[in-house]
Amino acid sequence: MRQTHLFTKTKKEAPGDEVAKNAQLLMQAGYIYKNMAGAYSFLPLGLRVIEKINTVIREEMDAIGGQEMHMPSLQDPALWKQTDRWSDENVDVWFKSELQAGGEVGLAWTHEEVITDIMRQYVSSYKDLPFFAYQIQTKFRNEMRAKSGIMRTREFAMKDLYSFCATPEQHEAFYESCADAYMKIFDRLGIGDKTYKTFASGGAFTKFSHEFQTLAEAGEDVVYVNEEKGIAVNEEVLAEVDLSELGVTKEELEERKSIEVGNIFSLGTKFSEAIGLTFKDEEGNDQPVIMGSYGIGPARAMGTVVDLLSDEKGIVWPESIAPYKVHLVGLNGDDAEVKDYADGIYTALKRRGVEVLYDDRTEVRPGQKFADSDLLGMPYRVVVSRKTKEEGKFEVVTRATGEVRYLSEEELYTDFT
């Protein structure tokens, strides 16, 4: 991508009406646009990041047997009334609307009821179980106050996976494999060293659950954590948890702020019994399916990465989810020979499969180009200039560490391919 072709532009200052660091930097750098409170557009660079996060999630969900599908956002009240979750007194985040033809619909804030109803068509025997289905799909939650930038919005994408098992043993085995997969995801996103599987409340789903909490001063949650032992408990359930069973005392736990980046729930038979999802066991008796629910918000993960890994100059993307691996910064663009040389390097890198954002702007001074490069946060900056052409060496800067290397053209291609 040439920056002269990119319709978004960086801004000199962060938006004054945003408090959250992630929203300030992402808007200043042109990754997102705020349409209204709780609703953001993901612009070309931002969408590339989200899609890369989705790819990481898909790969890890597929690796544990997940099958991807897609369910509608429009919801039939009759189905939700079976589980007593249509009532605003029981669930206060619904967006509801009247149909012109008569009747009412809701916009899904989760999909347990819907997928349970679907699976009644495909489950009849214990031989059909276990299986695991997931989607990455838009959710709507009527939050009283949208806040924390892209981490608490009213419209957002979620990866929600649902497990269907015949026995508690099958369910526990998958529950743990999904927990392991979540940690692999967060490792690949660059935040695994600060993320803990955390004992937490089940909210509207079940009595207890596990959250995946990333330690961050920008977080709106409070957890008690022992980093050495890898144990964390959400403040909400600290009084309810037997810490001795976890192998830790309260004195060994440190109070920290954190961001919830994922959660997993054991649902038992709550939804299968209410909606009638049963299977015949080996003796031919009808049994309710044992279920679980497992969520990750890609945008929330994106915001957490920005909050946690950025520095005073701007965003610092891990290579795994950066929109482009290399930011090629062309200087001396008023010199036709140098410009042709820079264009050739850009073409050669692309031909070798390197994802490159090429700053080919001719009217922008070098200092502003470098500032923009730091703000945008690509993993590597490669500078092409008259000096580069004359000396046959490229200045390569690693964004995360500031390390500077000088590579020949051949070394450059070898290093990035």
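The values are calculated or read from the model by the stated rules, or taken from the named source; none is laboratory data. Remember, predicted model here, so these are calculated numbers, not experimental data. Glycine also receives a Cβ, built like all others from the backbone with ideal geometry; neighbour counts cover every protein chain displayed.
I'd like the full set of residues that are in a helix (DSSP H, G or I) and either free of Cβ contacts under 8 Å to residues at least 24 places away in the same chain or among the hydrophobic types (A, V, I, L, M, F, W, C) (or both), limited to region 158-172.
Within region 158-172, the subset in a helix (DSSP H, G or I) is 168-172.
Glu169, Glu172 - these are the residues of region 158-172 that are in a helix (DSSP H, G or I) and either free of Cβ contacts under 8 Å to residues at least 24 places away in the same chain or among the hydrophobic types (A, V, I, L, M, F, W, C) (or both).
List every residue pair whose Cβ atoms lie under 9 Å apart, where the two residues are 6 or more positions apart in sequence or sit on different chains, the first residue falls within region 5-24 and is in contact (Cβ under 8 Å) with a residue 12 or more places away in the chain, and the second residue, located anywhere, is surrounded by 16 or more Cβ atoms within 10 Å (Cβ to Cβ) and aromatic (Phe, Trp, Tyr).
Within 9 Å, the pairs are Thr8/Tyr31; Ala23/Tyr40.
So which of Glu337, Glu363, Glu319 is surrounded by fewer than 17 Cβ atoms within 10 Å (Cβ to Cβ), farther than 26 Å from Lys9 by Cα and outside the structural domain of Ala181 (by TED's automatic domain parsing)? I'd like the intermediate steps shown before the answer.
Values: Glu363 fails: farther than 26 Å from Lys9 by Cα; Glu319 fails: farther than 26 Å from Lys9 by Cα.
Step by step, each of Glu337, Glu363, Glu319 is checked, and only Glu337 is surrounded by fewer than 17 Cβ atoms within 10 Å (Cβ to Cβ), farther than 26 Å from Lys9 by Cα and outside the structural domain of Ala181 (by TED's automatic domain parsing).
Restricting attention to region 367-397, and to residues there that are surrounded by fewer than 13 Cβ atoms within 10 Å (Cβ to Cβ) and not charged (D, E, K, R), which single residue is modelled with the highest pLDDT?
In the first step, residues of region 367-397 are kept if they are surrounded by fewer than 13 Cβ atoms within 10 Å (Cβ to Cβ); the result is 367, 390-392.
Filter once more, keeping what is not charged (D, E, K, R): 367, 392.
Values: Gly367: 95, Gly392: 90.
Here the residue is Gly367.
For (1) free of Cβ contacts under 8 Å to residues at least 60 places away in the same chain; (2) surrounded by 15 or more Cβ atoms within 10 Å (Cβ to Cβ); (3) within 23 Å of the chain's Cα centre (by Cα), each residue gets a yes or a no:
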{"site": "Phe156", "(1), (2), (3)": "no, yes, yes"}
{"site": "Tyr182", "(1), (2), (3)": "no, yes, yes"}
{"site": "Gly192", "(1), (2), (3)": "yes, yes, yes"}
{"site": "Lys229", "(1), (2), (3)": "yes, no, no"}
{"site": "Leu253", "(1), (2), (3)": "yes, yes, no"}
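Go over the candidates Phe208, Phe199, Phe212, Phe164 one by one and state the one that is closer than 27 Å to Ile290 by Cα and either β-branched (Val, Ile, Thr) or surrounded by fewer than 21 Cβ atoms within 10 Å (Cβ to Cβ) (or both).
Working: Phe199 fails: either β-branched (Val, Ile, Thr) or surrounded by fewer than 21 Cβ atoms within 10 Å (Cβ to Cβ) (or both); Phe212 fails: either β-branched (Val, Ile, Thr) or surrounded by fewer than 21 Cβ atoms within 10 Å (Cβ to Cβ) (or both); Phe164 fails: either β-branched (Val, Ile, Thr) or surrounded by fewer than 21 Cβ atoms within 10 Å (Cβ to Cβ) (or both).
None of the others qualify; the one that does is Phe208.
Of all residues in region 340-360 being of a type in the set (Ser, Thr, Tyr) and not in a strand (DSSP E or B), which is surrounded by the most Cβ atoms within 10 Å (Cβ to Cβ)? Spell out how you get there, then give the answer.
From region 340-360, those of a type in the set (Ser, Thr, Tyr) are 341, 346-347, 358; that's our starting set.
In the following step, the residues that additionally are not in a strand (DSSP E or B) were identified as 341, 346-347.
On the way: Tyr341: 18, Tyr346: 23, Thr347: 12.
Among those residues, the one meeting the criterion is Tyr346.
Looking at (1) buried (at least 18 other Cβ atoms within 10 Å of the Cβ); (2) modelled with pLDDT of 95 or more; (3) out of contact with any Phe, Trp or Tyr (no Cβ under 7 Å at 6 or more places or on another chain), which one does Met291 not meet, given that it meets all the others?
Every listed condition holds for Met291 apart from (3).
Here's a check for you: in region 114-143, which residue that is free of Cβ contacts under 8 Å to residues at least 40 places away in the same chain and part of a loop (DSSP other than H, G, I, E, B) is surrounded by the fewest Cβ atoms within 10 Å (Cβ to Cβ)? Walk me through how you get there before you give the answer.
Filtering region 114-143 for residues free of Cβ contacts under 8 Å to residues at least 40 places away in the same chain gives 121-122, 127.
Of the ones still in play, those that are also part of a loop (DSSP other than H, G, I, E, B) are 121-122.
Values: Gln121: 8, Tyr122: 11.
So, considering only residues that are free of Cβ contacts under 8 Å to residues at least 40 places away in the same chain and part of a loop (DSSP other than H, G, I, E, B), the one surrounded by the fewest Cβ atoms within 10 Å (Cβ to Cβ) is Gln121.
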